[in-house]
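**Q** Can you read through this structure? Questions will come right after.
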Amino acid sequence: MCAFRNVKICLVFLGFLCLLFSSGFSEEEKKTAATSFPEIKKREDGKYSFGEIIIDRVDRKLEFQATSNQVNGLVEYGLVHETGKTHESLFRTKIRAKMLHASLLLLKLKPAKNFFDVVWSDQPRAHTFPESMLRATAFWDENGTQKSVPLENLVTNYRQNRAITPNSMIFTGSKFIQGTYMAENSGSMLAIYLDDLAVINCFDFDNDNDDVWLANETLMPPLETNVTLLFLLPDLKD
């Protein structure tokens with residue numbers, strides 16, 4: 001039984017399951033997929049626990065735990081599952097890619113349509129994805145001091161000597177191949193270098209270049225530091 005007291009929230013979640021697991025699946029496959037999600041539980045602070053993810057519907061944000069995974073050198077990802085390409089990512093997490101995707105949909109963020117058609121076009125054009133944009137910040141304790149740094153600042157484009165441009169993180173969603181949600185297999189969650197299997201992609205200049213993005217060693221938490229990753233979504237328009 002759904003743990004949400006608000007019927008509307010239940011419908012959003014159930015609608016997500018129908019959307020995510022409807023194409024080309026047998027009834028038995030749909031049932032199995034739907035039951036693979038943990039129960040959603042309301043917390044005393046008015047937020048919700050969705051497995052290890054904490055969801056705040058009022059402020060449209062979610063958070064979960066991760067670990068600093070690479071503090072220098074080239075990176076292609078901001079976040080991967082612990083079974084993903086950890087040698088190329090700032091952070092790793094135990095959270096499953098499908099859970100991140102589901103949480104973003106529960107907060108009514110829309111996957112960007114035609115994102116890769118735009119970025120891989122032979123005739124690129126100006127484009128924005130305001131309904132799919134989000135921001136990410138890492139929080140951690142360092143010698144008794146609380147630190148917080150936007151994820152964009154934890155990466156440096158060494159050729160241009162700059163961080164990732166703010167508001168460049170776009171919810172693209174992964175894709176299904178033969179009934180498999182591919183981000184679950186790849187572990188790709190937040191890609192700096194374009195990855196059509198990742199849940200979130202960077203829309204900054206040079207996102208198609210895999211040899212310009214470096215972990216910002218001066219701002220990254222020490223290796224193997226436990227951090228909280230906070231994803232903040234834009235306000236909904238009336």
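All of the numbers you see were taken from the coordinates with simple rules; none came from a lab. Since this is a predicted model, take the numbers as computed values, not measurements. Here Cβ is always computed from backbone atoms with ideal geometry, including for glycine, and neighbour counts include all displayed protein chains.
**Q** Could you grab the relative contact order for region 106-226? Cα pairs under 8 Å, six or more apart, rounded to a whole percent.
**A** Numbers: 185 pairs, mean separation 27.9, N = 121.
Reported as a whole number, the value is 23 percent.
**Q** Mind checking the dipole of region 152-224: about its Cα centre, +1 per Lys or Arg Cβ, -1 per Asp or Glu Cβ, Debye to the nearest 20? List each step's numbers first, then the result.
**A** Working: 3 positive and 11 negative charges, 31 e Å.
For region 152-224, the charge dipole is close to 140 debye.
**Q** Here is a follow-up. If one computes the Cα centroid of region 200-238 and of region 98-160, what distance in Å separates the two points?
**A** Rounded to whole Å, the Cα centres lie 6 Å apart.
**Q** Farthest toward the dipole's positive end in region 47-138, which of Gly73, Phe50, His87, given Cβ charges of +1 (Lys, Arg) and -1 (Asp, Glu) about the Cα centre?
**A** Final value for the positive-end residue is Phe50.
**Q** Let me have the relative contact order for region 134-196, percent, based on Cα pairs under 8 Å that are six or more residues apart.
**A** Numbers: 55 pairs, mean separation 13.9, N = 63.
Computed over region 134-196, the figure is 22 percent.
**Q** Using mean Cβ contacts within 10 Å as the protection proxy, how do 75-88, 57-70 order, highest first? It would help to have the intermediate numbers written out before the result.
**A** On the way: 75-88: 21.6, 57-70: 18.6.
Ranking the peptides 75-88, 57-70 by packing returns 75-88, 57-70.
**Q** Quick one: give the max-minus-min coordinate of the C-alpha atoms of region 109-238 along each principal axis, largest first, in Å.
**A** Here the Cα extents, ordered largest to smallest, are 46, 37, 33 Å.
**Q** Now, a different point. May I have the pair-distance distribution P(r) for region 51-164, computed from all Cα-Cα distances with 5 Å bins from 0 and rounded to whole percent?
**A** Going out from 0 Å in 5 Å bins, region 51-164 shows 2, 9, 15, 19, 22, 18, 10, 3, 1, 0, 0 percent.
**Q** Right, another one. Can you pull the one-decimal nm distance between simple spin-label points at Phe176 and Lys41, each 7 Å off the Cα toward Cβ?
**A** About 3.0 nm, to one decimal.
**Q** Another question, then. In nm, give the distance between the simple-model label positions of Glu82 and Asp211, each being 7 Å from the Cα along the Cα-to-Cβ direction.
**A** 3.4
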